[in-house]
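Comments concern the structure below.
The values are calculated or read from the model by the stated rules, or taken from the named source; none is laboratory data. Keep in mind that this is a model prediction, so the values were computed, not measured. All Cβ positions, glycine included, derive from the backbone under ideal geometry; neighbour counts span all protein chains shown.
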């Protein structure tokens, strides 16, 4: 009788271990599937028609197709692209706001772009979809941490060297970025960007373009 109980206990223990292993395996598989849904990889010849018009030269002319960065991955609200500048690979993370408010009547085609050179240098470009008020400053809030950017025409860039990298570093651990700016016709806008998965986006930038 005692031997039968021991056998039953061992049998129950083995079944419990198998069930636990099965649950862990399912959890790992589900996590892998979710990550695959969040990150859609693209081939080296993928030209993203939706955002190619955002890449221009110094005169504002759209770059010829051969010079436009190619789409490498779509990760939730972010797109990761790779381009070539003077023979060197440069990476880009591009996102559009999930929410826009303000009193600007015309539709605004806003975006936030991180240009990744290496771990020591990243640039931040912001557009709010209108021409900025001359000499105005764009306010940037990364989970409450405040930054500012100078404006020129329809582009805003951080106003001190090194601020770009601080913004990007803050975004890695943040939930959202808020951007507020004034237009040259007296209107204003506030845009909200998601950073929920920016840590993964940043890791992809390092994977594709880091040479340090």
Q: Run residue 146 past the list (1) surrounded by 14 or more Cβ atoms within 10 Å (Cβ to Cβ); (2) free of Cβ contacts under 8 Å to residues at least 24 places away in the same chain and report the number of the one that doesn't hold.
A: (1)
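How many of the residues making up the range 158-187 are over 17 Å from the mean Cα position of the chain (by Cα) and either closer than 14 Å to residue 140 by Cα or buried (at least 20 other Cβ atoms within 10 Å of the Cβ) (or both)? Talk me through it step by step, then tell me what you get.
First pass over the range 158-187, keeping only residues over 17 Å from the mean Cα position of the chain (by Cα): 158-163, 180-187.
Restricting the remaining residues to those that are either closer than 14 Å to residue 140 by Cα or buried (at least 20 other Cβ atoms within 10 Å of the Cβ) (or both) gives 158-160, 163, 180-183.
Number of matching residues: 8.
Given the range 29-123, what strands (runs of 3 or more DSSP E) lie entirely inside it while holding 1 or more residues that are touching a strand residue (DSSP E or B) at 6+ places or on another chain (Cβ under 8 Å) and modelled with pLDDT of 80 or more?
Working: elements: 39-41, 70-75, 78-85, 88-95, 99-102, 111-118.
Of the strands (runs of 3 or more DSSP E) lying wholly inside the range 29-123, those with at least 1 residues that are touching a strand residue (DSSP E or B) at 6+ places or on another chain (Cβ under 8 Å) and modelled with pLDDT of 80 or more span 70-75, 78-85, 88-95, 99-102, 111-118.
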Q | Single condition residue 101 does not satisfy, out of (1) within 22 Å of residue 175 (Cβ to Cβ); (2) in contact (Cβ under 8 Å) with a residue 40 or more places away in the chain; (3) surrounded by 14 or more Cβ atoms within 10 Å (Cβ to Cβ) | A | (3)
**Q.** Residue in the range 197-212 that is farther than 20 Å from residue 79 by Cα, at pLDDT below 95, in a strand (DSSP E or B) and touching a strand residue (DSSP E or B) at 6+ places or on another chain (Cβ under 6 Å) present
**A.** no
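Could you check the range 154-195 and list, in sequence order, the residues that are in contact with a strand residue (DSSP E or B) (Cβ under 8 Å, 6 or more places away or on another chain) and assigned to a loop (DSSP other than H, G, I, E, B)?
Taking the range 154-195 as the starting set, the residues that turn out to be in contact with a strand residue (DSSP E or B) (Cβ under 8 Å, 6 or more places away or on another chain) are 154-159, 163-168, 170-171, 174-184, 187-195.
Selection gives 154, 159, 174, 175, 184, 187, 195.
Tell me whether the range 157-166 contains one or more residues that are in contact with a helix residue (DSSP H, G or I) (Cβ under 6 Å, 6 or more places away or on another chain), closer than 23 Å to residue 80 by Cβ, assigned by TED's automatic domain parsing to the domain that holds residue 112 and modelled with pLDDT under 95.
Restricting attention to the range 157-166, the residues satisfying the condition of being in contact with a helix residue (DSSP H, G or I) (Cβ under 6 Å, 6 or more places away or on another chain) are 158.
Remaining after also requiring closer than 23 Å to residue 80 by Cβ: 158.
With the extra rule that they be assigned by TED's automatic domain parsing to the domain that holds residue 112, the set shrinks to 158.
Narrowing further to those that are modelled with pLDDT under 95: 158.
Yes - at least one qualifying residue is present in the range 157-166.
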